[in-house]
1. Condition first: farther than 30 Å from D:E9 by Cβ, without any contact (Cβ under 8 Å) to a residue 24 or more places away in the chain, touching a helix residue (DSSP H, G or I) at 6+ places or on another chain (Cβ under 6 Å) and not aromatic (F, W, Y). Can you find one or more residues in segment D:114-133 that meet it?
2. Considering (1) among the aliphatic types (A, V, I, L, M); (2) under 21 Å from D:K33 (Cβ atoms); (3) facing chain A (nearest Cβ under 10 Å); (4) under 21 Å from the mean Cα position of the chain (by Cα), say which one B:L55 fails and leave the rest.
3. I'd like the full set of residues that are under 15 Å from the mean Cα position of the chain (by Cα) and either under 10 Å from A:M116 (Cα atoms) or polar (S, T, N, Q) (or both), limited to segment A:135-157.
4. Would you confirm whether any residue within segment C:145-164 is in a helix (DSSP H, G or I), in contact with a helix residue (DSSP H, G or I) (Cβ under 9 Å, 6 or more places away or on another chain) and within 14 Å of chain A (Cβ to nearest Cβ)?
5. Just the residues that are part of a helix (DSSP H, G or I) and among the hydroxyl-bearing types (S, T, Y), please, taken from segment C:118-144.
6. Take B:V62 and tell me if it is at the interface with another protein chain (Cβ under 7 Å from one of its Cβ atoms) and in contact with a Ser or Thr (Cβ under 7 Å, 6 or more places away or on another chain).
7. Can you name every residue in segment A:173-194 that is more than 19 Å from A:Y63 (Cα to Cα) and either buried (at least 19 other Cβ atoms within 10 Å of the Cβ) or modelled with pLDDT of 95 or more (or both)?
8. Being buried (at least 19 other Cβ atoms within 10 Å of the Cβ), more than 10 Å from chain A (Cβ to nearest Cβ), free of Cβ contacts under 8 Å to residues at least 60 places away in the same chain and not small (G, A, S) is the filter here; which residues of segment C:70-113 pass it?
4 protein chains.
Amino acid sequence: MDEPQPPSETGRIEAFSDGVIAIVITIMVLELKPPEHATLGGLLRLWPVFLAYALSFLQVGVYWVNHHRLLERATIATTGLQWANMLWLFSVSLIPFGTAWWGEHPADAIPTAAYMVTLLLPALVYPWLEVEALCNSPEDNSIQHRIQRRKITVSITLYASGIALAFVNSALSIACSFLVSVLWVLPGSRIDRWFAAKN
Amino acid sequence: MDEPQPPSETGRIEAFSDGVIAIVITIMVLELKPPEHATLGGLLRLWPVFLAYALSFLQVGVYWVNHHRLLERATIATTGLQWANMLWLFSVSLIPFGTAWWGEHPADAIPTAAYMVTLLLPALVYPWLEVEALCNSPEDNSIQHRIQRRKITVSITLYASGIALAFVNSALSIACSFLVSVLWVLPGSRIDRWFAAKN
Amino acid sequence: MDEPQPPSETGRIEAFSDGVIAIVITIMVLELKPPEHATLGGLLRLWPVFLAYALSFLQVGVYWVNHHRLLERATIATTGLQWANMLWLFSVSLIPFGTAWWGEHPADAIPTAAYMVTLLLPALVYPWLEVEALCNSPEDNSIQHRIQRRKITVSITLYASGIALAFVNSALSIACSFLVSVLWVLPGSRIDRWFAAKN
Amino acid sequence: MDEPQPPSETGRIEAFSDGVIAIVITIMVLELKPPEHATLGGLLRLWPVFLAYALSFLQVGVYWVNHHRLLERATIATTGLQWANMLWLFSVSLIPFGTAWWGEHPADAIPTAAYMVTLLLPALVYPWLEVEALCNSPEDNSIQHRIQRRKITVSITLYASGIALAFVNSALSIACSFLVSVLWVLPGSRIDRWFAAKN
């Protein structure tokens with residue numbers, strides 16, 4: 001207590017996170033089991049599992065890009081940051097489970113809702129991660145920062161709507177998660193301008 | 001012998017360890033196999049496997065944070081450090097095995113005790129790793145260092161108690177391993193002060 | 001928009017890509033399931049799966065070496081580069097799927113063609129990745145660059161021929177993909193001179 | 001040809017190799033499938049699989065430490081080094097296959113011999129990797145270097161003997177591979193002195 005642990009750099013947190021996210025994004029392909037029969041029909045019947053994989057790859061990709069940008073601004077590897085990051089990685093690591101279940105039952109309400117929950121969890125932990133990462137940085141009141149905050153709120157709302165819509169129509173539910181990706185993949189676009197305008 | 005191998009930096013030991021720990025922490029999610037039926041009941045029946053995953057993620061997370069801090073203080077990648085680290089990584093790599101077995105038999109004595117043994121092993125190797133990592137550093141008599149040592153001793157005692165308690169009540173046994181995590185996740189807290197006070 | 005995100009270095013894109021490619025190249029070995037019987041016959045019957053693994057290892061290896069060289073020349077981690085890279089990694093991550101299916105049905109047209117498609121996809125995405133990586137670099141009109149471009153065109157043509165040949169003879173189809181590897185593994189060789197000569 | 005590709009640093013080769021070796025060493029634990037029954041007997045029946053895992057972890061560990069030391073001395077990431085390293089990583093990636101087969105049939109000749117072959121292959125590729133890594137370094141005539149060379153020769157001889165002995169007694173065969181590890185884990189020891197003395 002009197003002797004606080006010396007602050008350390010965030011390099012190894014980034015390296016460890018990259019490792020975990022790289023594994024998470026790649027082990028999902030193990031669910032893409034080759035069809036039993038050597039026919040085009042066998043291949044085409046895999047489309048929901050393939051769609052689930054592509055969608056989750058995109059979602060985890062969005063999370064990685066944002067995590068990358070956030071940790072770049074963090075300067076000190078505090079204990080708080082280490083544990084917020086660990087919880088966030090845990091939430092991301094559940095996405096392959098949700099993906100696998102939904103890929104096998106793409107039209108059923110419970111697996112669709114469960115998949116949306118696994119996509120929502122990292123978004124819920126993200127604000128805490130952000131607070132811990134930036135607690136030693138000067139206050140950031142830039143437009144960019146406010147756009148980011150609004151996008152997170154909209155993302156959480158979209159995922160939550162997706163969970164509710166899973167019980168109505170699973171395609172609509174999945175569309176919500178796809179909208180979240182669109183929101184993040186196109187920065188500097190009309191979407192960002194629209195978020196900035198709502199100042 | 002006359003020509004000792006030139007000392008090398010510890011960067012690649014850290015990178016390799018990060019890789020192994022990232023894989024260990026992530027492949028455990030492969031045990032979380034999606035339920036066969038698309039029902040909430042099917043999902044809820046998975047709770048022991050899910051609990052085992054969450055608990056082991058936390059334990060490996062604690063080990064990673066401590067390993068991170070320890071290697072930060074190591075300056076030279078000696079042969080001793082390389083092999084102590086290799087043995088430690090081996091012991092950590094057994095945790096997914098213990099987790100998988102316990103997750104399938106959460107109320108049985110032998111799998112619970114085996115799980116506790118896999119959690120205990122890295123703690124038993126850790127002091128050797130510490131000696132090798134710090135053998136080229138100046139003697140460290142700081143309060144922080146003494147707190148760390150006591151926490152390791154208490155952790156080993158808690159895990160050992162968990163092994164014994166597995167034959168009485170598996171929930172009590174698991175509680176012991178959870179207590180170890182609490183001990184390490186909350187630094188700078190009352191727990192540390194309590195350890196320092198026992199000077 | 002008025003405040004563009006500060007340019008960041010490409011180090012973490014490389015680290016993340018290395019992680020994904022390392023996992024892609026290694027999880028394919030999981031398809032090499034040990035034969036049931038402890039006989040030489042059991043081992044030898046695995047030859048198509050083994051051949052598929054060796055071939056895909058070579059293909060992913062070629063992609064990694066080229067990716068390595070390309071990102072070395074990229075200076076700024078733009079959003080465009082991050083997403084082009086993400087799409088490229090996605091296309092590479094499908095290779096284990098194609099490999100596994102072809103390894104089980106090495107003489108059938110559809111799995112062979114599907115395998116060729118998974119090998120072709122990263123080559124199709126590569127030119128976009130190249131544009132994004134070099135958009136901040138000075139125009140490159142060197143012979144080396146023109147050789148590279150021609151080799152990519154020839155590779156795409158060879159893979160496409162492989163897809164067509166899969167319906168004639170699967171061995172010829174696989175030979176096309178092997179030719180692509182030969183093209184890339186032997187730089188500074190007669191092959192490069194031949195490409196340069198066609199100026 | 002006239003414009004050779006600029007030499008690049010070996011950092012990313014090391015990072016990629018670390019990733020592959022970390023995955024190879026860790027996915028072997030996936031073969032350690034938890035016993036079906038929650039009994040000590042079920043656990044103990046796993047001993048050959050466990051032994052195979054521990055032995056292979058040690059072997060890959062030895063290879064990683066040597067690879068680490070070798071690449072530290074390499075200064076330029078030549079094309080030759082990249083491909084020698086890729087072939088070496090390929091040979092290392094076959095060890096989990098050999099381990100899995102032997103772990104299931106520990107007393108049978110063919111799986112034991114196959115396991116020894118997978119352990120031998122990286123040792124056979126290693127001298128080429130060494131030539132490529134050190135081709136830009138000044139000639140090394142140190143005692144250390146000669147010890148290293150003799151140890152590689154002895155290792156290859158031991159593995160080859162192990163392959164032959166597999167058809168006599170599988171325990172003797174495995175003992176050969178264990179001897180190789182002992183040779184490498186204890187540097188600066190009597191073993192090294194003995195190798196140096198044979199000048």
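1. Yes, the conditions are met somewhere in segment D:114-133.
2. B:L55 satisfies all of (1) among the aliphatic types (A, V, I, L, M); (2) under 21 Å from D:K33 (Cβ atoms); (3) facing chain A (nearest Cβ under 10 Å); (4) under 21 Å from the mean Cα position of the chain (by Cα) except (3).
3. If the condition is that a residue be under 15 Å from the mean Cα position of the chain (by Cα) and either under 10 Å from A:M116 (Cα atoms) or polar (S, T, N, Q) (or both), then A:Q148, A:T153, A:S155, A:T157 are the ones that fit.
4. Taking every residue of segment C:145-164 in turn, at least one turns out to be in a helix (DSSP H, G or I), in contact with a helix residue (DSSP H, G or I) (Cβ under 9 Å, 6 or more places away or on another chain) and within 14 Å of chain A (Cβ to nearest Cβ).
5. C:T118, C:Y126
6. no
7. Matches in segment A:173-194: A:S173 only.
8. Listed by number, the list holds a single entry, C:W88.
The values are calculated or read from the model by the stated rules, or taken from the named source; none is laboratory data. All of these numbers come straight from a predicted model, not from anything done at the bench. With ideal geometry, Cβ positions are generated from the backbone for all residues, glycine too; neighbour counts draw on all protein chains shown.
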